[in-house]
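The values are calculated or read from the model by the stated rules, or taken from the named source; none is laboratory data. Not measured: the values here are computed from a predicted model. Counting neighbours? That spans all protein chains shown, and the Cβs are built from the backbone with ideal geometry, glycine included.
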Amino acid sequence: MSNDNPPVDHIVVDDEPRTETRIEQNLKAKPTWLRLVFMVIFFLIAGIASMVATAVVILGFFWVLFTGEANGHLKRFGGGLAAYISDIVRYLTYNTETKPFPFEADWPSVEKEEPGEESDS
């Protein structure tokens, strides 16, 4: 085989430039790969946040067991943590483009309840 005759699988059939398919464009898009990096980071953060939520649940239960009333600080932190986990899941499932705390959004705030007031949610 000489250099003048390329192998059959390398012969160009037509001289028209080949346009990229949508998949090829998506594979080369830097924002897609950057989002994957953030998705992995937030997936790991969600795992840690779930463990923290478990600790808050256990602490909250024992607080009520020993004092007879819920700890307001734990309730507010637990509410914020639940909202934060929700923000992460929304980002991971493409329901929002806003990156959760600490990248673009602030930590979710939970309003302070008055003493004796029960939350409806």
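Being surrounded by 14 or more Cβ atoms within 10 Å (Cβ to Cβ), modelled with pLDDT of 95 or more and touching a Leu at 6+ places or on another chain (Cβ under 6 Å) narrows it down to one residue among GLY80, GLY60; which is it? Step through it out loud before you land on a result.
Working: GLY80 fails: touching a Leu at 6+ places or on another chain (Cβ under 6 Å).
Among GLY80, GLY60, only GLY60 is surrounded by 14 or more Cβ atoms within 10 Å (Cβ to Cβ), modelled with pLDDT of 95 or more and touching a Leu at 6+ places or on another chain (Cβ under 6 Å).
Taking (1) among the aliphatic types (A, V, I, L, M); (2) at pLDDT below 95; (3) part of a helix (DSSP H, G or I) in turn, ILE88 satisfies each apart from (2). Against the criterion of being in a loop (DSSP other than H, G, I, E, B) and either under 18 Å from the mean Cα position of the chain (by Cα) or touching a residue at least 24 places away in the same chain (Cβ under 8 Å) (or both), ALA83 does not qualify.
Within region 104-119, residues that are within 19 Å of ALA70 (Cβ to Cβ) and among the polar types (S, T, N, Q) have Cβ atoms under 7 Å from residues that are part of a loop (DSSP other than H, G, I, E, B) and at pLDDT below 90 in these pairs: SER119/GLU113, counting only partners at least 6 apart in sequence or on another chain.
Note on region 27-71: residues that are farther than 19 Å from THR98 by Cβ and touching a residue at least 24 places away in the same chain (Cβ under 8 Å) total 4.
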